[in-house]
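To keep things clear, I will list the structure first and then write my remarks on it.
Please treat every number below as a calculation from the coordinates, not as lab data. No experiment lies behind these values; they were computed from the predicted model shown. Here the Cβ is made from the backbone with ideal geometry for all residues, glycine too, and neighbour counts use every protein chain on show.
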Amino acid sequence: MTGRLIAVVPALPLHTAGKYVAGAFIVLFAMVLIYVSIMAIRLSRMERELGELLELAERDGEGAEAPLVQRESTPA
Amino acid sequence: MYGKGLRALSISTVAAMTVALGLVFFYAPLEAEQGFLQKIFYVHVPLAIVSLCGFVIGGLLAIQHLRTRDSRWDMRSYVVIHMSLIFALATLITGSIWAKGSWGHWWVWNEPTLVSYLIIFLLYATYQPLRFAIEDPERQARYASVFAITAGAFVPMNFIAVRLSTAYLHPRVLGSTSNLPGSMALTFLVSFGAISLLFATLCKYELTAKHTRSQIRALRRRLAGEPARAPRGRSAAPSPAPTTLAPAGRPAS
């Protein structure tokens, strides 16, 4: 299978043009990689912020638990 | 909201990019004149077309913003133009590499396609500073939309003007795909599809990230007992749409 594949594919003349072609494709992949890295940094920041908010909500929940129960038991 | 279908889109993009790379290096024949160097064509030209289409789409989204006054359209226009600018930068870099390999120079000033593309790039490079210069979010969105529409109309006009110019040194692609052998045309179309999918995926990621961040901010303000739309500092990014956080005990509509 691999032998047949190699037989049909064109030879890749990497002598002079190779570095330019490699450069062009590396530019594209580097840009995508940089973007993914930026997204990863943003995601970790959002995760940290969500953790802080969860802590804040838990603290608020502990403080407001008693009045909330009282409110629920009161008929409208 | 924006994250819907993101996984399927990401998987499609990776699959399309893999297929495109396979076709470029193992299926498409070597071009008679340029040989292996012509492989840059399969990345450079789709990047250029997608970035130019992105600028036009940004203008159309801006029209929608001015019609509806809905800040979500401004956000979409901003993200599409932002991404198009990144793709345009990639186009300029890959184009320069191709020019160096083909013509022996990184840049040729008497080539209208190159210079006109650079003008479009520089025009859109002023979009972010324009936004940043205006502090009031509503005025910022309105002015940015006007800019996006005007510049978006300039893109096809510029394209036609270059077509009508006399110098034809730059390789022609649109309108001449029928001149390409079948295998090259197929590879080009797959590469174009893959780059388009990459563009759509990155835009969707950006929109999802911005929307999530605005929701987190709204949640923080709500937990702190502050108003839902607090005044923000100077920023080039659009003001997020009013986030519908449901009151405690009631789900969001």
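List of remarks:
- Kirkwood-Stokes translational diffusion coefficient of chain B, alpha-carbon pairs, 10 °C, 1.306 mPa s, µm²/s: 78 µm²/s
- Taking 20 Å as the straight-line reach from the Cα of residue B:204, the aspartates and glutamates in range (excluding those fewer than 8 positions away in the same chain) are A:47, B:70, B:74.
- The label-point distance for residue B:15 and residue B:221, in a model that sets each label 7 Å from Cα toward Cβ, rounds to 4.1 nm.
- Of all the options B:13, B:68, B:91, the one that moves most in a Gaussian network model of chain B with Cα springs shorter than 10 angstrom is B:68.
- Highest-MSF residue in chain B out of B:105, B:65, B:211 [GNM, Cα springs under 10 Å]: B:105
- The chymotrypsin sites (Phe, Trp or Tyr not before Pro) of the stretch B:59-123 that meet both conditions, a loop assignment by DSSP and at most 13 other Cβ atoms within 10 Å of the site Cβ, are B:106, B:109.
- Distance in nm between pseudo-label sites at residue A:49 and residue B:6 (7 Å out along the Cβ direction from Cα): 1.3 nm
- Modelled FRET efficiency - R0 45 Å, residue B:128 with residue A:62, Cβ distances, 0.05 increments: 0.55
- Of the DSSP H helices in chain B, those whose Cα atoms cover at least 24 Å axially and whose Kyte score averages -1.0 or more: B:6-26, B:41-68, B:71-103, B:137-164, B:182-223
- Cut-off 17 Å (backbone N to label point 7 Å along Cα→Cβ of residue B:236), residues of the stretch B:67-105: B:75-90
- Most fluctuating residue given options B:198, B:60, B:123, as computed from a GNM of chain B linking Cα atoms under 10 Å: B:123
- Residue by residue along A:25-38, Cβ atoms of other protein chains within 10 Å of the local Cβ number 5 on average.
- Extension gain, residue B:60-residue B:110: 0.36 nm per intervening residue step, less the Cα-Cα distance, totals 14.8 nm.
- Considering only B:34, B:47, B:78, and ranking their Cα positions along the charge dipole of the stretch B:6-85 that arises from unit charges at the beta-carbon of Lys, Arg, Asp and Glu, the one farthest toward the positive end is B:78.
- Where labels lie 7 Å past Cα in the beta-carbon direction, separation of residue A:40 and residue B:138 in nm: 4.3 nm
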